[in-house]
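Everything on this sheet refers to the single structure shown next.
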Amino acid sequence: MIRWTPGLRAGLIGLAVIAVIGLVAPVFFGEAAQRLTGAARQGASAGHWLGTDALGRDVLARTLVATRLTLLMTLAATAIAGTIGILLGALVWVTGPRVREAGLRLIDLMVSYPAVILALVVAAILGAGPVAAVLAIGVAWSPAFARLTANLAASVAGRDFVATARLLGVPPARLLTRHLLPNIAEPLLVLLSLAFAGTLTALSGLSFLGLGVQPPSYDWGALLNTGLETIYTNPAEAVGPAVAITVTGVLAGFVGDGLAAGANPRTGRRAVPASGPVAREAGDDDGEALLAVRGLTVSLPGGVRLVDGVSFDVHAGEIVGIVGESGSGKSLTAMAVARLLPDGVRSDAATLRLGDLDLTGRADQARLATEIGIVYQDPSSSFNPALRMERQIVEVLRRHLRVPRREARRRAVAALESVGVSRPELRLRQHPHELSGGMRQRAMIASAVLQEPRLLIADEPTTALDVTVQAEVLDLLRGINRDQGTAMVFISHDIGVVGSLCHRVLVMYAGRVVEDLTVDDLRAGRAAHPYTRALLAATPRLTGEGTGELATIPGRPPAPDARPAGCAFAPRCPLALPVCAESEPPTVRTGTGWAACHLLEEAS
Ligand code: SF4
């Protein structure tokens, strides 16, 4: 979704004007640019606004004519850098671990070699000329692209839906084109815009040094070179190409900045079509819960279900944890509620309601953005690296609630203070990379609760943090829930973390909820389902088994398209009965909830 900021408009309009000049200038000014007037090195005059060069040719006409070659070279170099870099950076994430490790090391090695030196080496090998210059700059810029693409792809490659696609055996090429590249396309577009400005400067630098375009051809860099010879006696000659390079670079920067604003993950929500299949464990929605989910399924285009018939409620002020191994569908469940599923992944539900907001239809985007706050797992990839913190934190206030800039800033400062971020005024002026990991996560929480959402979805918010910061972030979420009464859905693979924060816990396995219980039962060891008990046995904090060797759960969860008949946990379950492999386990009431297990039915 493109957001038409004034900067983006100005950048695109300006670049369009320059492109038109590049198109028509050789036609209208080509002759004037070559004409030898006999008046060499004249200063600016009415006849020659930027004076003349050593052969008496009009500098303004030559600057305008040089636009076409300069733009073509810049576009070509940017395309080469982008293509090589993006392919290299993304491909390492669809290969095996060894190839990936070698690829990442290679990229690191390439990045450590200064781009300018690399460009000079390539240019020296290929010889002077426009083609060599374009190749040199394209190759020299590609490692930076590869590194950034690899970083961006890494953040996507770890997501549940990619793990699921891998489990499904999706081939690497499809994994690349369907799952990785579409999800990093927006930041890459931003990078391409900014790289355009960089390659323009680098190409001009090569021509300026005499390694780029050779006479009789000329680009802005070559004109700058000749203009510099008379910089003290006739500065006007250097002004034309210098201004052209600067203005074009700044306009490309405007476009990159504007696209970056549109790429902000907090504003890029996509609607997911939804309609209703059968609820698996549904009581009727009595309207009392803040969030009511009945029969939620999330499916791949081929119909394979990643989440299958999930039903649950979240009441006002309640923290509900969703726990399970990677690929269990917990994050997809939460993202389906927030309507943030990746392209091509479809969700359906009999009921999907937040307060009076029906999420099964085309929900009001403004209400969705203001009533659901999201804290992502990795704040370093959730904040746009190209934008200052202020712009990203106040985005929802400014855009959806029309809060004036000054008031939005005041509230952002207060929110950062409330989550313990030091020097909030300064932080707002900084870019994400200038903040520590813990501080970024605090800022993300401040950003998520700034508009006072009714529901906060925290998707593994502590996984990327060290233990000390993890505890601080959990305290913070606890405080927000206590003081503001914000309901939360807290996703984690760590049942210990869930048990320390939440009021109620949903345990998911292979896309389904297998047990729903209160945290009191969980802590008291009254979990009923063998899978929940296995998770607890592998977690020392709740079971008190901190000194011994932790239990592990043998085997792996089944791929969504290869779920066994009966209970999906049966191949790993030490208590499995013959019936477990034949029929779906029934739902059995437990102390404070329910669990789906044949064993419990036998015992009841
Ligand atoms: Fe184990 Fe059977 Fe219960 Fe599944 S239904 S968890 S296999 S006992």
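Given only helices, namely DSSP H runs of n ≥ 4 each adding -39500 (n - 2.57), what is the per-residue ellipticity at 222 nm of the chain, to the nearest 500 deg cm²/dmol?
That comes out to -16000 deg cm²/dmol.
Can you give the local net charge around L88? Use residues other than it whose beta-carbon is closer than 15 angstrom to its beta-carbon, Lys and Arg +1, Asp and Glu -1.
In short, +1.
How charged is the neighbourhood of V473? Take every other residue with its Cβ under 14 Å from the Cβ of V473, and add Lys/Arg as +1 and Asp/Glu as -1.
Taking every other residue near V473 into account, the sum is -4.
Which whole-Hz ³J(HN,Hα) couplings does segment 113-128 yield from phi under the Karplus relation 6.51 cos²θ - 1.76 cosθ + 1.60, θ = phi - 60°, glycine and proline marked x?
These are the phi-based 3J(HN,Hα) values: 8, x, 4, 5, 5, 4, 4, 5, 5, 4, 5, 5, 5, 7, x, 6 Hz.
Hey, what do the phi angles of segment 582-589 turn into as Karplus ³J(HN,Hα) couplings, whole Hz, using 6.51/-1.76/1.60 and θ = phi - 60°, x for Gly and Pro?
Ordered by residue, 3J(HN,Hα) equals 10, 10, 5, x, x, 8, 10, 5 Hz.
Would you mind checking segment 121-144 for residues with the amide N under 14 Å from a putative spin-label position 7 Å along Cα→C-beta of T83?
Flagged as within label range: 134-136, 138-139, 142.
For the chain, what is the Kirkwood hydrodynamic radius in Å, using each pair of distinct C-alpha atoms?
When all Cα pairs of the chain are included, the Kirkwood radius is 27.2 Å.
Measuring from label point to label point, each 7 Å out along Cα→Cβ, what is the E288 to V131 span in nm?
Spacing of the two 7 Å Cα→Cβ label points: 7.8 nm.
Relative contact order for the chain: what is it in percent, counting Cα pairs under 8 Å that are at least 6 residues apart?
Rounded, it is 12 percent for the chain.
For E584 and E229, calculate 0.36 nm times their separation in residues minus their Cα-Cα distance, and state this gained length in nm to one decimal.
119.4 nm
Here, each number is a calculation from the coordinates, and none is a lab measurement. Treat the numbers as computed from the prediction; the structure is a model and nothing was measured. No Cβ is skipped: glycine too gets one built from the backbone with ideal geometry, and neighbour counts run over all protein chains shown.
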